[in-house]
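The values are calculated or read from the model by the stated rules, or taken from the named source; none is laboratory data. These figures come from a predicted structure and were not determined experimentally. Ideal geometry is used to build each Cβ from the backbone, glycine not excepted, and the neighbour counts take in all protein chains shown.
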Amino acid sequence: MNRILSGIQPTAAMHLGNYLGAVRNWVGLQDSFETLYCVVDLHALTLPQNPAELRENSRTLAATLMAAGIDPRRSILFVQSSVPAHSELAWLFSCLTPLGWLNRMTQFKEKAGKHKEQAVLGLYSYPVLMAADILIYRATHVPVGEDQKQHLELTREIAGAFNYRYGREYFPLPEPQIFGSATRVMSLRDGTKKMSKSDSSDFSRINMTDDADTIALKIRKAKTDPLPLPAAPEDLEARPEADNLVHIYAALTHKPVAEVLAEFNEAPFSTFKSALTDIAVTALAPIAEEMRRLLADPGYVDGVLHEGGGKARAIADATLREVKEIMGILTPAGP
């Protein structure tokens with residue numbers, strides 16, 4: 001069976017964009033792939049983290065993933081740092097990766113901005129660790145959003161470089177799994193910006209921890225324009241906030257955008273927002289409730305992650321042993 005690997009950073013509460021753009025799709029992949037999902041705490045360290053908050057965010061994220069439908073009986077759910085082979089393979093790959101490849105990465109340029117000299121090495125070499133995350137499990141497919149496609153292409157280049165240098169087709173070239181509607185959910189306060197954990201306004205996003213009343217308040221206060229909804233999808237192109245809300249509704253109901261517009265054509269935004277609130281509360285409130293139930297027993301959550309880490313290490317350590325053998329790294333046998 002083909003194998004999926006994906007991860008999410010524990011930098012804050014998971015939000016609607018993470019759920020619709022990634023996690024909901026991860027749940028469905030459990031039916032047709034061998035799936036490994038990890039809390040990528042090492043990637044989170046590219047920015048300063050409060051140690052206590054990082055630890056708690058990692059547990060909360062794991063609970064949220066389970067509440068959203070990631071089943072530890074069908075998937076391996078673990079914390080990235082609990083598998084040291086990720087970091088070791090990243091070093092081995094860094095000795096194969098030309099600087100020119102990393103210099104092409106647009107995400108580093110965007111995040112470092114004008115302060116490249118002060119940026120940490122981890123932010124620059126982040127894509128190499130991402131390649132190691134994927135290839136240590138010899139994953140064949142990776143669910144990615146548009147902002148991660150370049151990193152996956154680098155992963156394929158690194159896999160190809162390893163295979164070429166050592167004259168064997170050891171690593172697969174993982175294929176992207178890109179999904180349709182609402183893979184890019186935008187801010188509720190500015191439809192031109194992606195919904196983000198780092199936005200200073202909590203009203204810019206719907207967190208997966210939000211209760212029904214908070215979800216309703218945020219949708220009611222979401223930015224719109226004075227016009228009613230149009231009849232045709234192309235008429236949304238110049239209306240980013242309306243476009244965003246319609247796409248969220250379409251994603252939550254599994255309906256095409258054209259069908260949503262036909263349902264609410266010429267309706268005032270108040271009518272549409274009321275319907276969107278009902279849909280969002282129905283879909284998301286049970287996840288938040290289940291997450292709170294799981295977090296009431298942190299020992300259970302930690303146990304799931306401990307067991308998942310053991311399963312992940314068994315796969316990763318076997319790959320690392322083979323990679324070292326291929327590269328000529330001596331691993332002396334004991335007496």
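Quick notes
- Residue satisfying all of: in the range 232-287; among the acidic types (Asp, Glu) and touching a residue at least 12 places away in the same chain (Cβ under 8 Å); farthest from residue 23 (Cα to Cα) among these: 266
- Looking across the range 228-273, the residues that are assigned to a helix (DSSP H, G or I), in contact with a helix residue (DSSP H, G or I) (Cβ under 9 Å, 6 or more places away or on another chain) and among the acidic types (Asp, Glu) come down to 235, 243, 259, 263.
- If you check 246, 257, 281 for being within 23 Å of residue 69 (Cβ to Cβ), of a type outside the set (D, E, K, R) and out of contact with any Ser or Thr (no Cβ under 6 Å at 6 or more places or on another chain), only one passes: 281.
- Answer residue from the range 284-323, given it is in contact with a strand residue (DSSP E or B) (Cβ under 8 Å, 6 or more places away or on another chain) and not aliphatic (A, V, I, L, M) and is nearest to residue 67 (Cα to Cα) among those: 308
- Taking residues in the range 25-50 that are in the same structural domain as residue 86 (by TED's automatic domain parsing) and of a type in the set (Gly, Ala, Ser), and partners anywhere that are in a loop (DSSP other than H, G, I, E, B) and at pLDDT below 95, the pairs with Cβ atoms closer than 7 Å and at least 6 places apart or on different chains are 44/9; 44/10; 44/11.
- Residue within the range 59-69 that is surrounded by fewer than 18 Cβ atoms within 10 Å (Cβ to Cβ), under 18 Å from residue 207 (Cα atoms), touching a residue at least 12 places away in the same chain (Cβ under 8 Å) and in the same structural domain as residue 305 (by TED's automatic domain parsing) present: yes
- Residue match in the range 223-243 (condition: under 25 Å from residue 291 (Cβ atoms), in the same structural domain as residue 285 (by TED's automatic domain parsing) and touching a Ser or Thr at 6+ places or on another chain (Cβ under 9 Å)): no
- Of all the residues in the range 253-275, those that are within 24 Å of the chain's Cα centre (by Cα) and either crowded, with 22+ Cβ neighbours inside 10 Å or of a type in the set (Ser, Thr, Tyr) (or both) number 1.
- Pick from the range 258-289, criterion modelled with pLDDT of 90 or more and among the charged types (D, E, K, R), ranking: nearest to residue 210 (Cα to Cα): 289
- Filtered residue count, the range 21-53, keeping only those that are modelled with pLDDT under 95 and under 10 Å from the mean Cα position of the chain (by Cα): 4
- Criterion: part of a helix (DSSP H, G or I), buried (at least 16 other Cβ atoms within 10 Å of the Cβ) and modelled with pLDDT of 95 or more - qualifying residue of 93, 78: 93
- Residue that is modelled with the lowest pLDDT [pool: residues in the range 154-201 that are of a type in the set (Gly, Ala, Ser) and more than 25 Å from residue 255 (Cβ to Cβ)]: 198
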